[in-house]
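Asker: Right, I'll just put the structure down here and ask away after.
The numbers here are math on the coordinates, done by the rules we state, and not lab data. No experiment lies behind these values; they were computed from the predicted model shown. We place every Cβ from the backbone using ideal geometry, glycine too, and count neighbours over all the protein chains shown.
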Amino acid sequence: MNNDFEKKVKQLETENNKLKKELQKKEEEIKITKANLEQTNSLLDEYNELTKEEFNAYSDFVEGFVERKFIDPSSRVYSREFFDKIFFLLLEKTFEKGNNYGLLIIKIPELKNLDYSGEYHKGSEMEIGRILRNNLRLPLDLIMRYSKETFVIVIPDIEEETLFKISDRIKYQLSSFLKSPTVLEIYSFYLPKDLTSTNDLFKYFS
């Protein structure tokens, strides 16, 4: 009788221990599932926030075109606001991927004092914008006005020799238009060969 009772007790203890282990296992699984769920929710929140930021950035970008904020009214090229949004991001991607780009920085110190009275009485800035546009592949190439006297041109998918030909052609045409062509400055860069980072460019915008 006692033996049967002891066997029964041991059997119950064994089953109880087994149930405890299974319960602990389930609790661990629940903890892992809960942690995974929290991580998933966190990632979803981050994704939603990033999506919202990207949408807002895209919306602002489109709005800039609709309201013509990205067009310089005096020269009909892209404005400083457009430059600030896209230029350094574009160059960083260029350095990362190793794509060949041409970059021209054109400085015209006398721009404020130019007096142009050509066809339709266009302003000097308008004529300079026309010269730049006529020498490039629009809309593939980007012409941006960084400041009153500085223009920046980004030319993707171009051979180095072709870049220098374009630079020389622009220099010749602008020199023919300017009163003091000797003050004209044009810096040509074939990326990424001529520059290692965007930091190298800051001195040319000062």
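Asker: Could you rank the peptides 80-92, 25-37 by their average count of other C-beta atoms within 10 Å per residue, with the highest value first?
Answerer: Averaged packing, sorted descending, gives the order 80-92, 25-37.
Asker: Could you work out how much longer the chain between Lys165 and Glu110 gets when fully extended? Use 0.36 nm per residue separation minus the Cα distance between them, nm to one decimal.
Answerer: Contour length minus the Cα-Cα distance gives 17.4 nm.
Asker: Is the C-alpha gyration tensor of the range 71-205 telling us rounded, prolate or oblate? Criteria: a/c under 1.5 is rounded; beyond that, a/b larger than b/c is prolate, otherwise oblate. Let's see the in-between values first.
Answerer: Values: a/c = 1.85, a/b = 1.66, b/c = 1.11.
Verdict is prolate for the range 71-205.
Asker: Can you give me the distance in nm between label points at Asp84 and Asn99, each placed 7 Å from the Cα along the Cα-to-Cβ direction?
Answerer: Reported label-point gap for Asp84 and Asn99 is 2.5 nm.
Asker: What FRET efficiency do you get for Asn16 and Glu38 if R0 is 41 Å and r is their Cβ-Cβ distance, rounded to the nearest 0.05?
Answerer: Between Asn16 and Glu38 the formula returns 0.80.
Asker: Could you work out the local net charge near Lys107, counting Lys and Arg as +1, Asp and Glu as -1, over the other residues with Cβ closer than 13 Å to its Cβ?
Answerer: On the way: positive: Lys112, Arg145, Lys148, Lys171, Lys203; negative: Glu110, Glu149, Glu185.
Value of the local net charge: +2.
Asker: Report, by chain and number, residues whose modeled amide H sits under 5 Å from the one on Asp72, excluding near sequence neighbours (fewer than 5 apart, same chain).
Answerer: Here the answer is Val77, Tyr78, Ser79, since their amide H atoms fall under 5 Å of that of Asp72.
Asker: I'd like to compare 124-133, 138-147: which one has the highest average count of other Cβ atoms within 10 Å, and what's the full order after that? The partial results should precede the final answer.
Answerer: Details: 124-133: 19.6, 138-147: 16.8.
Those peptides, ordered most packed to least, come out 124-133, 138-147.
Asker: Given the options Leu191, Pro156, Ser175, identify the residue whose Cα lies farthest towards the positive end of the charge dipole of the range 138-199 (+1 on Cβ of Lys, Arg; -1 on Cβ of Asp, Glu).
Answerer: It is Ser175.
Asker: Karplus couplings for the range 170-183 from phi (6.51 cos²θ - 1.76 cosθ + 1.60, θ = phi - 60°), rounded to Hz, Gly and Pro as x?
Answerer: My calculation for the range 170-183 gives 5, 4, 5, 5, 5, 5, 5, 8, 6, 6, 10, x, 5, 8 Hz in order.
Asker: OK, next. Go through Lys69/Lys193; Lys85/Lys165; Lys93/Lys193; Lys69/Lys165; Lys171/Lys203 and tell me which ones have a Cα-Cα distance over 26 Å in this structure.
Answerer: Working: Lys69/Lys193 33 Å; Lys85/Lys165 29 Å; Lys93/Lys193 14 Å; Lys69/Lys165 32 Å; Lys171/Lys203 21 Å.
Exceeds cut-off: Lys69/Lys193; Lys85/Lys165; Lys69/Lys165.
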